[in-house]
Amino acid sequence: MGENLTRKIIRKHLVSGELKAGSDISIKIDQTLTQDATGTLAYLQFEAMKILRVKTELSVSYVDHNTLQEGFENFDDHLFLQSFAAKYGIYFSKPGNGICHQLHTERFAVPGKTLLGSDSHTPTSGGMGMLAIGAGGLDVALAMSGEAFNLTMPKVVKVELKGELSAWVSAKDVILELLKRLTVKGGVGKVFEYSGEGVASLELPDRATICNMGAELGATTSIFPSDAVTKAFLKLEKREKSWVELLADNDAEYDETIVIELAGLVPLAAKPHSPDNVSAVSSLKGVKVNQVIVGSCTNSSYRDLMAVWHIVKGKKISPNVSFAVAPGSRQVLELLARNGVLADLIKAGARILETACGPCIGMGQAPCSGGVTLRTFNRNFKGRSGTADASVYLVSPETAAYSALLGEISDPSALGVMPEIKLPAALEIDDSLILAPSNSPEQVEVLRGPNIKPLPDFKVPGELIVGNVLIKLGDNITTDDIMPAGAKILPLRSNIPAISQFVFSRLDKDFAKKALEAGGGFIVGGTNYGQGSSREHAAIAPKYLGVKAVIAKSFARMHFANLINFGILPLVFADEKDYEKVDAGDVLKIENYHSQLKTGLLTVSNTAKGFEFKAKAALSERQVSILLAGSLLNAAGKKG
Ligand code: MIC
Ligand code: SF4
């Protein structure tokens, strides 16, 4: 039997372990990326490792999240990142250059290489045939120091694309279809590898969109083959030399297969408040819309904005809609400025936003109270837009643009014949906002504004873990629930004591106070606890408040790893019925922690209610040693 593409790349990068789904493996990382909201902490951790230069083939530090600059904090962080990059051998992409994933795909992604990024949508570069994985900042810092990345060998799912998409149906509808079928936890422990004759009909930006939002399936990553389409895109970017053909063997073996008939897809929308709450756009006809935004790392490419232009040019946006457009990169913005499309968008009534994450992470453009907003983004978790009672729908650029014209959710299929949307014939490459690292690193001083606080210390845990259940939660709790973002909180990412005050603030505004007063304690969660982003702040900030363990029905991959990295014990109820018996306020106790942890099955006593239950710690030896050392930095002897 032949080999699939995912296994080929993993085998080539394998440092330890066996290529057997479910087993622990470690792989060499060729490239890393960070963005500013996770980057400051990642670099502080890298600094603690006392290494003079990064050891990867390429590391890039992007600034795209915190660009509102309401106070000194953001700009200070940018200066820290810029000086740090210059000193330690990292390329630095300045604010205004664009969103990390869009930019990485344009300028740096290389078929067949591995990329580890401190952002959950790092798999976007999978559209280029890369094995691109999201992780916590500490894992990325370790990769920069030359260490291998540890992960569970994923199952490889073949997604066979048949036929071609119908008019006005696009890549977003493909990934929404998968979310509808598989849900936000359907991809945990899996890589989605696209194949079949339909692949050739998708341009590189379409592939990037699909891989980007594979993150919402909880997948380890997604990947497309590297073929003639990949070559053409690299040629356009004047990077043809990076191209290699990479295909799965004809008789490749897969763990699962899913078939999608592209011609059978219709425009889809993810309804509030989850990316898997998917329905046909036609079934939502007539829902009045207050706001439409085209942008984010999912759908802000040249191709996407050209599709929008075809729909709105020469027309006017509905008077009742606020319509904003945030191009994904300066390259895209410049192209649109030169070919006149930007002028037509402005004429139609668009508000042109900075090339950055912006509204996707609640940095501006919050909807009106009780408002309906259509966004081409990837996440619509409650409150993430900045307005708690807003209804956020995730749609394709085509659905967004058509609905903006009509003022209500509208199916773009009604537009009839679709013009061919082509990538530009040629491109002028301008990397002037990407700064190369310094040749005299010893002369570079790392600039630290007052917002940048040192990392907290992590103590070695004792034999007794005891505390209150501080909060009891349901299924699919997101990292946005645990550690919200948005214009008020995001600027505090380099200041753990300050940001900790906002842990769970949307669900229980007194959580931080209660946790500190109680001397820490336990969190109880349902299935897929910690889905969503890679932000390690969702682990380090609860840790700072004294959280000792999370007991849940199951965990999302990145958050599970982040909890361990910062010394919080992630336990799974051995019998899910015990979840029902534990309540907020109960006192839980784990005795003989060190020896119990090594057995993988721990006895937890609920001293308030007088019963015991079992909880599983499905951990590798490495993870056990990290927990017993108090944190990954301690375990690696790098701090503490
Ligand atoms: C997100 O989309 O939630 C973010 C903001 O990009 C995060 C990273 C972060 O929290 O800084 C992600 O997706 O990993
Ligand atoms: Fe930025 Fe949104 Fe993409 Fe996260 S999902 S990287 S916030 S654009």
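Listing for the model above:
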| item | result |
| --- | --- |
| Per residue accessible area of segment 164-313, 1.4 Å probe, in Å² | 34 |
| Ratio Rg/Rh, restricted to segment 488-553 and using Cα atoms, in which Rh is the Kirkwood radius | 0.94 |
| Shape call, segment 470-526: gyration tensor on alpha carbons, a/c limit 1.5 | oblate |
| Inter-site label distance for Asp431 and Ala498 at 7 Å from Cα along Cβ, in nm | 3.4 |
| R0 of 60 Å, Cβ-Cβ distance Thr599-Lys315: FRET efficiency to nearest 0.05 | 0.35 |
| Centre separation in Å (Cα based) which lies between segment 39-83 and segment 302-320 | 36 |
| Value of Rg/Rh across segment 41-129 [Cα atoms, Kirkwood radius] | 0.97 |
| Ordering of 358-366, 27-35, 602-610 by burial proxy (mean other Cβ atoms within 10 Å per residue, highest first) | 27-35, 358-366, 602-610 |
| Solvent-accessible area per residue, Å², over segment 321-382 with all protein chains present [probe radius 1.4 Å] | 32 |
| Hull shadow area, averaged, segment 76-124 [alpha-carbon convex hull, nm²] | 4.0 |
| Glu253 accessible area, assembled protein chains, probe 1.4 Å, Å² | 110 |
| In sequence order, calculated HN-Hα J values of segment 568-575 (Karplus, 6.51, -1.76, 1.60; Hz; x Gly/Pro) | 9, 6, x, 10, 10, 3, 5, 10 |
| Note, ³J(HN,Hα) from phi for segment 289-300, Karplus 6.51, -1.76, 1.60, rounded to Hz, x at Gly and Pro | 10, 9, 8, 9, 10, 9, x, 6, 5, 7, 9, 9 |
| Whole-number D in µm² s⁻¹ for segment 122-200, Kirkwood Cα-pair radius fed into Stokes-Einstein, 4 °C, 1.567 mPa s | 88 |
| Alpha-carbon spread of segment 449-604, three principal axes, descending order, Å | 46, 31, 28 |
| For segment 177-293: span of alpha carbons on each principal axis (Å, largest first) | 49, 34, 25 |
| Using a Förster distance of 45 Å, the FRET efficiency for Glu57-Val460 (Cβ separation, nearest 0.05) | 0.80 |
| Calculated over segment 270-322: convex hull of Cα atoms, volume per residue (Å³) | 117 |
| Neighbourhood charge, 12 Å Cβ-Cβ cut-off, centred on Ala252 and excluding it, Lys, Arg +1 and Asp, Glu -1 | -4 |
| Rg/Rg_ref, segment 580-632, where Rg_ref = 2.2 N^0.38 Å and atoms are Cα | 1.26 |
| Where the Cα pairs of segment 257-379 fall when distances are cut into 10 Å bins, in % | 12, 41, 35, 11, 1 |
| Dipole magnitude of the chain, debye to nearest 20 (Cβ charges: Lys/Arg +1, Asp/Glu -1, about Cα centre) | 740 |
| Kirkwood hydrodynamic radius over Cα pairs of segment 1-94, then Stokes diffusion coefficient at 37 °C and 0.692 mPa s, in µm²/s | 213 |
| Computed [θ] at 222 nm, helices only, for the chain once each DSSP H run of length n ≥ 4 contributes -39500 (n - 2.57) | -8000 deg cm²/dmol |
| Alpha-carbon spread of segment 534-617, three principal axes, descending order, Å | 36, 28, 22 |
| Reachable lysines, given that their alpha-carbon falls under 16 Å from the alpha-carbon of Lys158 and they are not under 8 places away in the same chain | Lys8, Lys190 |
| Rounded percent of accessible protein surface that carbon and sulfur make up, the chain, 1.4 Å probe | 52 |
| Pairwise Cα inverse-distance average, inverted: Kirkwood Rh of segment 428-502 (Å) | 17.6 |
| Rg ratio (alpha-carbon, reference 2.2 N^0.38 Å) - segment 543-590 | 1.20 |
| Cα shape, segment 22-175, gyration tensor, a/c 1.5 rule | oblate |
| Heavy-atom accessible area per residue - segment 73-147, 1.4 Å, Å² | 16 |
| Rounded FRET efficiency, nearest 0.05, which uses the C-beta distance separating Glu256 from Asp508 and R0 of 60 Å | 0.95 |
| Rounded to whole Hz, the Karplus (6.51, -1.76, 1.60) HN-Hα couplings of segment 121-136, x for glycine and proline | 8, 3, x, 3, 5, x, x, 9, x, 9, 8, 10, 10, x, 7, x |
| Within straight-line cross-link reach of Lys241, lysines at Cα separation under 16 Å, skipping those fewer than 8 residues along the same chain | Lys113, Lys231 |
| Estimated D of segment 313-352 in µm² per second, where Rh is the Kirkwood radius over Cα pairs and Stokes-Einstein applies at 4 °C, 1.567 mPa s | 123 |
| Rg/Rh for segment 396-461, where both radii come from Cα atoms and Rh is the Kirkwood radius | 1.33 |
| Long-range HN-HN contacts of Leu601 with modeled amide H, under 5 Å | Ala617 |
| Approximate shape of the chain as ellipsoid semi-axes (Cα gyration tensor, √5λ), whole Å, largest first | 37, 27, 26 |
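The values are calculated or read from the model by the stated rules, or taken from the named source; none is laboratory data. Source: prediction; values computed, not measured. Using ideal geometry, Cβ is built from the backbone for each residue, glycine included, and neighbour counts are taken over all protein chains shown. The accessibility values were calculated without ligands, DNA or RNA, using every heavy atom of the protein model including side chains. Shrake-Rupley method; radii C 1.70, N 1.55, O 1.52, S 1.80 Å.
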